[in-house]
Amino acid sequence: MKTIAITGGAGFIGSHVVRLFVNKYPEYKIVNIDKLTYAGNLANLKDVESLPNYEFVKADIVDADTMMQLFKKHQFDAVIHLAAESHVDRSITNPTEFVFTNVIGTVNLLNAAKAIWKDNFKDKLFYHVSTDEVYGSLGEEGLFTETSNYDPHSPYSASKASSDHFVRAYFDTYGLPSLISNCSNNYGSYQFPEKLIPLFINNIRNNKPLPVYGKGENVRDWLWVEDHARAIDVIFHKGALGGTYNIGGHNEWTNIDLIKVMCRILDKKLGRPEGTSEQGITYVKDRAGHDMRYAIDASKLQNELDWKPSLQFEEGLEKTIDWYLENENWLENITSGNYQAYYEKQYIKR
Ligand code: NAD
Ligand code: DAU
């Protein structure tokens, strides 16, 4: 029996990782540590919450004492660390929050692991989940590899880059067994509707404007969230200690092309005449420091650990759109309250 702490398990990607591990590995005890910020939602885990190998602990990773207590109490064998402030736009308005959670929170977890494992690191693992944004922005050509230089531009990516450096520093300095993966943009069910795909599905559904930053020419490499969770599973079990693995979909889209595809699919699904939803496209002021292009070379993961995406993007996008349309209650609950204040600040006063 292994006990694994998954931080940020009530968020978008974390909930998919928790679901996969709890169901696939009944011999593991999974302890989900989450502060339940605006982005954390226990409704994301309704289907697994009563399973005997799952436990939820509401806690803030910025609270060092509590992290140490949790490590003492549960004697974790491994950590899969996903808890983070994750939205670039929020990092532009409130960078400090990102330093607390993403940098200090990560260092607190590293310290707790180091102290409780007492430098006896056999069979222990600290798995840090990170982003391709640490590599900065690409021109028209090329892909990010595991050896690309770090060149973050937003407060979010700077905080994630910093946390990656700390994880490597603990490996190099103390031998703390760790792994890092850097993934491209995820899409799928349970994503908070501040991110492009669920935001636009929700706005199209409600006949609200579709706010495209700049000219909509920025490129992102989209990966289905369940394929990311599968990659985390493979890397967790087979990845080389001290290693880094890039995870991506080989699936680049300019924002505007992606938005137009979503509009077409939703016109059909909502029974609207073709071209209706596109009329909502509104070009708004660009995001400050907006990275132009992200694209991942995931060949190391494919060649060494035999992982590849399972789903074609068109199929995944359609599945995702269906999920949001079928889960109106989830969307309605999440877009009430604080979300309204955020939305007004971010978009109405833009
Ligand atoms: P999310 O914002 O949906 O979820 C983050 C979770 O962390 C929430 O449940 C939140 O409550 C929790 N959390 C935040 N601050 C906390 C704190 N101080 N203490 C404890 N819990 C806290 O994020 P996501 O999109 O699921 O991303 C998860 C991880 O994956 C992040 O580390 C992110 O950097 C990384 N990542 C995300 C993407 C993506 O496309 N979304 C791509 C690559 C990497
Ligand atoms: O690349 C991985 C990263 O992907 C993760 O590390 C982040 O946590 C995750 O949020 C995501 O970052 P992005 O900034 O790429 O995602 P976002 O959904 O915010 O935006 C995607 C693109 O769409 C980006 O070029 C900005 C643009 N956009 C976004 C929003 C919210 C718009 O044009 N309009 C919008 O309203």
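Each reported figure results from applying straightforward, stated rules to the coordinates on display, with no laboratory input. Given the structure is predicted, the values throughout are model-derived calculations rather than measurements. Note that each Cβ is placed from the backbone with ideal geometry, even for glycine, and that neighbours are counted across all protein chains shown.
Put in order of Cβ neighbour count within 10 Å, fewest first, the listed residues Val129, Val219, Val88 become Val219, Val88, Val129.
Look at the alpha carbon pairs under 8 Å that are at least 6 residues apart: their mean separation over the length of segment 128-196 gives a relative contact order of 42 percent.
Averaging 1/r across all pairs of distinct Cα atoms in segment 32-178 and inverting the result yields a Kirkwood radius of 16.5 Å. Rounded to the nearest 0.05, what FRET efficiency do Asn111 and Thr3 have when you use their Cβ-Cβ distance and R0 = 22 Å? Efficiency, from the Cβ-Cβ distance: 0.75.
From least to most packed, judged by other beta carbons within 10 angstrom and beginning with the fewest, Met262, Met292 follow the order Met292, Met262.
A straight Cα-to-Cα reach below 19 Å connects Lys345 with the lysines Lys195, Lys208, Lys285, residues fewer than 8 places away in its own chain not being considered. Using only Cα atoms, find the angle between the long axis of helix 196-205 and the longest principal axis of the chain, and express it within 0 to 90 degrees, rounded to the nearest 10. For helix 196-205, the angle is close to 40 degrees.
Can you return the lysines within cross-link range of Lys24? Criterion is Cα-Cα under 24 Å, with same-chain partners fewer than 8 residues away left out. Result set, ordered by chain and number: Lys2, Lys46, Lys58, Lys122, Lys124, Lys238, Lys308, Lys319. Against the chain, whose longest principal axis comes from its Cα atoms, helix 225-238 is set at around 20 degrees. Rounded if a/c is under 1.5, else prolate if a/b is larger than b/c, else oblate: which is segment 278-330, with a ≥ b ≥ c the root eigenvalues of its Cα gyration tensor? Oblate shape, in that a/c is at least 1.5 and b/c is the bigger or equal ratio.
Spin-label model, Glu140/Asp286: points 7 Å from Cα along the beta carbon direction are separated by 1.7 nm. Distance between the modelled labels on Asn149 and Lys319, one decimal in nanometres: 3.9 nm (7 Å Cα→Cβ projection). Counting every C-alpha pair in segment 109-173, the share spaced more than 18 angstrom apart comes to 46%.
Estimated translational diffusion coefficient (Stokes-Einstein, Kirkwood radius over Cα pairs, 25 °C, 0.890 mPa s) of the chain: 119 µm² per second.
When each of Glu328, Glu278 is scored by the number of other beta-carbon atoms lying within 10 Å, the sequence from fewest to most is Glu328, Glu278.
Just round it to a whole percent: the fraction of Cα-Cα distances in segment 1-61 exceeding 17 Å. For segment 1-61, the fraction of Cα-Cα distances above 17 Å is 27 percent. Beta bridges from DSSP with both residues in the chain: antiparallel share about 5 percent, rounded to the nearest 5. Rounded to a whole number, what is D in µm²/s for segment 305-350 from Stokes-Einstein with the Kirkwood radius over alpha-carbon pairs (10 °C, 1.306 mPa s)? Translational D for this selection: 119 µm²/s. Under the classification rounded if a/c is under 1.5, otherwise prolate if a/b is larger than b/c and oblate if not, where does segment 145-302 fall, given a ≥ b ≥ c as square roots of the Cα gyration tensor eigenvalues? Prolate, since a/c reaches 1.5 and a/b exceeds b/c. For Lys58 and Asn329, the difference between the fully extended length at 0.36 nm per residue and the C-alpha to C-alpha distance is 95.2 nm. How far, in degrees from 0 to 90, does helix 255-269 lean away from the longest principal axis of the Cα atoms of the chain, to the nearest 10? Result, in degrees: 70.
Under the shape rule built on the C-alpha gyration tensor, where the axes satisfy a ≥ b ≥ c, segment 173-255 is prolate, since a/c reaches at least 1.5 and a/b is greater than b/c.
Note on Glu274/Gln302: beta-carbon distance plugged into 1/(1 + (r/R0)^6) with R0 of 35 Å gives a FRET efficiency of 0.40. For the chain, the Cβ-based charge dipole about the Cα centre amounts to some 660 debye (Lys, Arg positive; Asp, Glu negative; other atoms uncharged).
Taken along the Cα-to-beta-carbon direction at a fixed 7 Å, the label points for Asp65 and Lys118 span 2.4 nm. Here segment 93-214 is treated as an ellipsoid with the same Cα gyration tensor; its semi-axes, largest first and in whole Å, are 33, 18, 14.
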